[in-house]
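Worksheet: the structure to be examined is printed underneath.
Each reported figure results from applying straightforward, stated rules to the coordinates on display, with no laboratory input. Here the structure is a predicted model, which is why all the values come from computation and not from measurement. Every residue, glycine as well, gets a Cβ built from its backbone with ideal geometry; the counts of neighbours run over all protein chains shown.
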Amino acid sequence: MQNPSHLAITTDGGVVLDLKHDRLLKLNAVGTEMWTMLSRGMSESQVVEKIAHQYGVDLSRVGKDLRDLLRRARELGLSPESVSIAEPPEQTTSEEEELSSRAPEQDHAPSTEDIFKGILGLALFDIILSCRTFETLCSIVKSWPVKPRRRPVSEAAVIGQVSQAVARAAVWYPKRALCLQHSAVTTCLLRQRGIHAHMVVGVRAMPFLAHAWVEVRGIVVNDFPRVKTFYQSLSSY
């Protein structure tokens, strides 16, 4: 992946998802502004001048804060060039909310085969998270191919079947499955059925939480329709 780290800007500052080291890092509002300016090509002196003028703070104090921020970032193996900035989500329309909330609730009974695949998928991604890294899991999901559909079928029906299959698989799975595993498995099973699904990872700064869900054409299909109003999208796979 070209950018192993992603920055989400929130009303309370910013959150960096560092895939390489499997961690989330929180920045305060001023630190987020500084980081964003640097990542967009501004020099350190330009950042210091702008922040000092904006907040009416002495240049030397801002300069020290910026140097401390960059020193700490280097210790963590991060740099403004290595972190991509996640754009704020577009407003969800009422039509999209209706499709999002309706698709998984359709009365489409999942097949035994899909439930079995769901259990195997949960186990696979459980092992990956235990033995490898979060970055490995995301890489696998991102590279999972979308198979051509064998015959015309309702997209809502497929989404409903797969979502219910993974939900039932989680009931039978002997361990508690995380939202990340749910979404990874759902994304891969939907792609096997010809649906261009994406796993999305999001965060919220207050309280400090991370979450994952699945989208099809930007519409949430395995979670509450308005999940994107509570969590800032960080990255999509």
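Tabulated data
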| quantity | calculated |
| --- | --- |
| Separation between Cα centres of the stretch 10-69 and the stretch 151-168, rounded to whole Å | 44 Å |
| Length added when fully stretched, LEU209-GLN46, from 0.36 nm per residue minus Cα-Cα | 55.4 nm |
| FRET efficiency for GLU113 and GLN54, using Cβ-Cβ distance with R0 set to 45 Å, rounded to 0.05 | 0.15 |
| Order of LYS147, LYS117 under a 10 Å beta carbon neighbour criterion, fewest first | LYS147, LYS117 |
| Amide H partners (placed H, <5 Å) of ASN222, local residues excluded | VAL214 |
| Potential extension, ARG217-ASN28 segment - 0.36 nm per residue separation minus Cα distance | 64.8 nm |
| Cα coordinate range in the stretch 111-201, projected on the principal axes (Å, largest first) | 39, 27, 19 |
| Lysine pairs in the chain with Cα atoms under 23 Å, if 8 or more residues apart or on separate chains | 9 |
| Tilt relative to the chain, helix 179-192 - C-alpha long axis, 0 to 90 degrees, to 10 | 60 degrees |
| Charge tally in the Cβ shell below 10 Å around GLU155, where Lys, Arg are +1 and Asp, Glu are -1, GLU155 excluded | +3 |
| With Cα atoms, 0 to 90° folded angle of helix 29-39 axis to the chain main axis | 90 degrees |
| Neighbour-count ranking [beta-carbon atoms within 10 angstrom, fewest first] of LEU25, LEU78, LEU120, LEU7 | LEU120, LEU25, LEU78, LEU7 |
| Exposure proxy ranking, count of Cβ atoms within 10 Å, fewest first, for TRP172, TRP35 | TRP172, TRP35 |
| Taking all pairs of distinct alpha-carbon atoms in the stretch 192-237, Kirkwood radius in angstrom | 10.9 Å |
| Residue-averaged [θ]222 nm for the chain, counting only DSSP H segments that reach four residues, each worth -39500 (n - 2.57) | -15500 deg cm²/dmol |
